[in-house]
Amino acid sequence: MANITVIGAQWGDEGKGKIVDWLAAEADVVVRFQGGHNAGHTLTIGEKVYKLHLLPSGIIRPGKVSVIGNGVVIDPWALMSEIEGIRAQGIEITPDNLLISEQCPLILPLHASLDKAMEEARGSAKIGTTGRGIGPAYEDKIGRRAIRMCDLAHPDTLRDKLEKLALHSNALRRGLGAPAINVEEFVMSLTEMAGRLSPFIGPSWRVLQDAKAQNERILFEGAQGVMLDVDHGTYPFVTSSNTVAASAASGAGIGPRELGFVLGITKAYTTRVGSGPFPTELTDDVGETLGRIGHEFGTSTGRKRRCGWFDAVQVRQAVTVAGIDGIALMKIDVMDTLAEVKICTGYTYNGQTYDYLPASADIQEKLVPIYETMPGWQSPLRGVRTFADLPEKAKAYIRRIEELIGVSAVVISTSPERDDTIRVKEFF
Ligand code: IMP
């Protein structure tokens, strides 16, 4: 049975949660494979709104298995409080429907405090991280000193591992003027956490192997977006994981041939939260309108998102480097009132024209977008459920985007509601 991989094609916040939830109806297993609780996926189902950070979006659907794969960094306290919060909304979460990879590295309070201290030290060059400790936790993973989920079951060796981690971290902390780590405190609080989390922890790659053997359908749920990928994004203003589709294989523990159709979630305009280059950013009334109508505030941090025109150069690059087969075009209804809409088709800098996003952040900051202008449709799209019912001008906007990015919009979303979703083509 065909699998599907869902990733963000811009700077995150494209609406992945809604689409993953919608697709989860047809999947058996939903897997998170990178990032951590820096992600924020909002699901609106009838009167209820669920805000997820670490839990796979499939958790809301009865009968689905949700997996947090090895590529995810987990703050055990944040995860436990999210589990409790979602349970309080009436959703059952048990070891039958949630499995956490025993290989997941942990985010400890020392990571969040380092994240904040390092941001402060960067001064005006700060990245604008979510402050959740994501970067420092991935650094410790790559530095081979992370505490992982499997370590929680061994309190005897946990202290030793924490001491090694503290040795490295304290050296950094001294330089940053942050207080030293109290290892004993961590041993106690982690041992308490171990008891609560242990029923969920296991070799999650085997669940995927079983799903494959039983011809079940797996949905891989990405977080953030291609422009925040540590290799392919607007480095250094990126997150600390690979957000491209390939990451789903390594971050879940499955072969790359199992990823199936790669769906790139793409807003009909662009947003970015945090600092960093954003060539099509609008600081005028139009940007303000998009932010207000689109409720562009971060799910995780509540920060106001920067808004801008659709950047076809950026999305085309994301399609190429991430292997996106088709896009889901989100929030097109947010643009309903605009008299005209613009699409960026290239950039200029220093007398040179670019048909791609050059790697240097210094150049990215100075790129001047080349725009194509189209008439706005100025009629309400909210809740439209068939492609045929879209106004001709909106169809023309979508068709032009498809031409420029080189893949089709296989899904169009016209409101946050699960059912306001047009399946333009069969793909899954
Ligand atoms: P970090 O992932 O907290 O280290 O933050 C690095 C950059 O990625 C910052 O610009 C964040 O605003 C951005 N970022 C991280 N997670 C998300 C997300 O889920 N949506 C949008 N931006 C994000």
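List, please: which pairs have Cβ atoms under 8 Å, are six or more places apart or on different chains, and start with a residue in the stretch 340-351 that is under 19 Å from residue 405 (Cα atoms) and end with one that is among the aromatic types (Phe, Trp, Tyr) and open to solvent by less than 10 Å² (accessible area, probe 1.4 Å)?
The qualifying pairs are 341/310; 341/397; 342/310; 343/310; 343/397; 344/310.
Which of the strands (runs of 3 or more DSSP E) contained wholly in the stretch 348-428 include at least 3 residues that are open to solvent by less than 20 Å² (accessible area, probe 1.4 Å)?
In the stretch 348-428, the matching strands (runs of 3 or more DSSP E) lie at 409-413.
Hey, among the residues in the stretch 233-262 that are within 16 Å of the ligand (Cβ to nearest atom) and among the hydroxyl-bearing types (Ser, Thr, Tyr), which one's nearest to residue 216 (Cα to Cα)?
So the residue we want is 247.
Of all the residues that make up the stretch 211-232, how many are open to solvent by 10 Å² or more (accessible area, probe 1.4 Å) and either β-branched (Val, Ile, Thr) or near the ligand (Cβ under 10 Å from one of its atoms) (or both)?
Result for the stretch 211-232: 3.
Kindly provide the set of residues from the stretch 274-304 that are away from the ligand (no atom under 16 Å from the Cβ), surrounded by fewer than 19 Cβ atoms within 10 Å (Cβ to Cβ) and not β-branched (Val, Ile, Thr), ordered by number.
284, 285, 288, 292
How many residues, within the stretch 131-151, are part of a loop (DSSP other than H, G, I, E, B), touching a His at 6+ places or on another chain (Cβ under 8 Å) and open to solvent by less than 50 Å² (accessible area, probe 1.4 Å)?
2
When the stretch 121-140 is examined, which residues are found to be more than 9 Å from the ligand (Cβ to nearest atom) and over 22 Å from residue 165 (Cβ atoms)?
Once the filter is applied, which keeps residues that are more than 9 Å from the ligand (Cβ to nearest atom) and over 22 Å from residue 165 (Cβ atoms), the stretch 121-140 yields 122, 123, 124, 125, 126.
Within the stretch 25-37, can you find the residues that are at pLDDT 95 or above and of a type outside the set (Phe, Trp, Tyr)?
Within the stretch 25-37, 27, 28, 29, 30, 31, 32, 34, 35, 36, 37 meet the criteria.
Could you go through the stretch 353-366 and let me know if any residue there is without any contact (Cβ under 8 Å) to a residue 40 or more places away in the chain and in contact with a helix residue (DSSP H, G or I) (Cβ under 8 Å, 6 or more places away or on another chain).
Yes, the conditions are met somewhere in the stretch 353-366.
Among 308, 291, which is modelled with pLDDT of 95 or more and within 22 Å of residue 51 (Cβ to Cβ)?
Step by step, each of 308, 291 is checked, and only 291 is modelled with pLDDT of 95 or more and within 22 Å of residue 51 (Cβ to Cβ).
Residues that are open to solvent by 60 Å² or more (accessible area, probe 1.4 Å), out of contact with any Cys (no Cβ under 9 Å at 6 or more places or on another chain), at pLDDT 95 or above and not hydroxyl-bearing (Ser, Thr, Tyr): does the stretch 69-81 have at least one?
The answer is yes; a qualifying residue exists.
The values are calculated or read from the model by the stated rules, or taken from the named source; none is laboratory data. Keep in mind it's a predicted model, so treat the numbers as computed, not measured. Using ideal geometry, Cβ is built from the backbone for each residue, glycine included, and neighbour counts are taken over all protein chains shown. Side chains are part of the model used for accessible areas, which takes the heavy atoms of the whole protein and leaves out ligands, DNA and RNA. Shrake-Rupley method; radii C 1.70, N 1.55, O 1.52, S 1.80 Å.
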